[in-house]
1. Could you please tell me which pairs satisfy a Cβ distance under 6 Å, a separation of 6+ or placement on different chains, a first residue in region 100-124 that is free of Cβ contacts under 8 Å to residues at least 12 places away in the same chain, and a second residue that is surrounded by fewer than 15 Cβ atoms within 10 Å (Cβ to Cβ) and assigned to a helix (DSSP H, G or I)?
2. List the pairs whose first member sits in region 298-318 and is touching a residue at least 60 places away in the same chain (Cβ under 8 Å), whose second member is open to solvent by 30 Å² or more (accessible area, probe 1.4 Å) and assigned to a helix (DSSP H, G or I), and whose Cβ atoms are under 7 Å apart, counting only residues at least 6 apart or on separate chains?
3. Yes or no: residue 127 surrounded by 15 or more Cβ atoms within 10 Å (Cβ to Cβ) and within 16 Å of the chain's Cα centre (by Cα)?
4. Which number in (1) open to solvent by 60 Å² or more (accessible area, probe 1.4 Å); (2) over 20 Å from residue 73 (Cβ atoms) marks the one condition that residue 314 misses?
5. Which of (1) of a type outside the set (A, V, I, L, M, F, W, C); (2) in contact with a helix residue (DSSP H, G or I) (Cβ under 8 Å, 6 or more places away or on another chain); (3) under 30 Å from residue 291 (Cβ atoms); (4) not in a helix (DSSP H, G or I) is the odd one out, the single condition residue 138 does not satisfy?
6. Might you let me know whether region 293-300 holds any residue that is hydrophobic (A, V, I, L, M, F, W, C) and out of contact with any strand residue (DSSP E or B) (no Cβ under 8 Å at 6 or more places or on another chain)?
7. Name the single residue, out of those in region 130-160 being within 15 Å of residue 107 (Cβ to Cβ) and open to solvent by 30 Å² or more (accessible area, probe 1.4 Å), that is nearest to the chain's Cα centre (by Cα).
Amino acid sequence: MRVLSGIQPTGRFHWGNYFGAIAQYIQLQGDCNKAFYFIANLHALTTVRDSKRMQANMLDAALDLLGLGLDPEQATLFVQSDVPEVSQLTWLLMTVCPMGLLERCHAYKEKKARGLTADAGLFTYPVLMAADILAYDSDLVPVGEDQLQHIEVARDLAGSFNHLFGDVFVLPKGKVLDSSAKVPGLDGEKMSKSYGNTIECFEDLKQQRKKIMRIATDSRPLEDPKDPDTDHLFQLYANFATDSQRQEMADLYRRGGFGYGQVKKALADAAEAFFDPARQRREYFATRPDLVRDILNQGAKRARAKAAEVLARAEAACGVAASPN
């Protein structure tokens with residue numbers, strides 16, 4: 001079973017990215033020939049229009065993923081644009097893609113509904129994503145629930161191509177990432193770059209502590225009992241705490257007689273301890289740029305070999321394979 005997923009280099013990864021997706025990607029690794037993870041720089045071009053920022057984001061994404069536990073001995077890590085076969089495959093899929101299918105996709109519909117200009121890149125984004133998936137004979141694609149539509153698009157396009165040209169593509173299945181980890185942002189809303197309420201996984205520790213101390217809380221008296229299950233500060237703390245720490249904090253909430261500053265300090269301490277091994281791993285790779293480049297190059301080599309095999313199969317099936325010399 002081959003697992004595949006991509007993550008866009010649009011900025012530094014934050015706690016929501018980690019608990020909502022990256023931690024689960026890492027749990028699924030185990031064999032570099034069966035776990036493919038890529039830095040989706042081609043997708044990021046729909047929003048990142050500065051070349052220097054793109055290059056910096058790509059390096060940061062690689063360092064962050066390696067630091068957070070992606071092991072190049074257990075997973076293939078590569079940059080999307082280093083596999084040009086995917087772009088070639090995208091065109092083949094475009095030729096069997098109905099316009100109506102793309103017009104129904106969420107990202108395009110939402111931008112159009114807000115009166116914003118949607119470029120062709122955003123409109124055809126789901127076809128490139130389908131090519132990303134199909135190019136590696138992916139069996140399982142872990143995604144957030146809001147991305148399931150793109151897996152269905154990939155299955156629809158694969159099915160249409162197979163119907164026209166024969167059995168070419170593996171039909172992938174989506175795996176909805178566990179959303180039980182609640183990761184609210186500084187304002188209590190879902191942690192998201194677009195809301196400007198994030199705490200980065202590798203935030204400067206002094207800055208991280210300052211942000212935590214600014215997390216919005218209610219104004220109930222110190223002595224009042226509080227429900228931990230409905231408190232976003234507790235929800236954040238629960239992601240980092242051990243079972244016993246989590247229970248102890250929940251009991252404190254229900255008893256009352258504490259200040260939120262006490263919880264914030266506990267959260268800052270727990271988060272710092274939780275990510276400390278990852279910080280050390282990231283620092284190791286950051287001081288060895290040649291090693292990081294080699295990891296990405298080797299990953300791209302493995303990915304290209306598989307994508308070339310699938311592309312050749314698709315080109316032969318539809319009659320556009322290179323003529324023999």
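The values are calculated or read from the model by the stated rules, or taken from the named source; none is laboratory data. Bear in mind the structure is a predicted one, so any value in this text is a computation, not a measurement. Don't worry about glycine lacking a Cβ; one is built from the backbone with ideal geometry, like all the others, and counts go over all protein chains shown. Surface accessibility is based on the protein's heavy atoms, side chains included, excluding ligands, DNA and RNA. Shrake-Rupley method; radii C 1.70, N 1.55, O 1.52, S 1.80 Å.
1. Within 6 Å, the pairs are 118/112.
2. Listed by first residue and then by second, the contacts come to 300/82; 311/88; 317/165; 318/165.
3. no
4. The failed condition is (1).
5. Condition (2) is where residue 138 drops out.
6. Within region 293-300 (the criterion being hydrophobic (A, V, I, L, M, F, W, C) and out of contact with any strand residue (DSSP E or B) (no Cβ under 8 Å at 6 or more places or on another chain)), the answer is no, since none of the residues qualifies.
7. In this case the residue turns out to be 147.
This table checks each residue for (1) under 25 Å from residue 198 (Cβ atoms); (2) more than 27 Å from the chain's Cα centre (by Cα); (3) surrounded by 12 or more Cβ atoms within 10 Å (Cβ to Cβ); (4) polar (S, T, N, Q).
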| site | (1), (2), (3), (4) |
| --- | --- |
| 221 | no, yes, no, no |
| 232 | yes, no, yes, no |
| 274 | yes, no, yes, no |
| 297 | no, no, yes, yes |
| 300 | no, no, yes, no |
| 306 | no, no, yes, no |
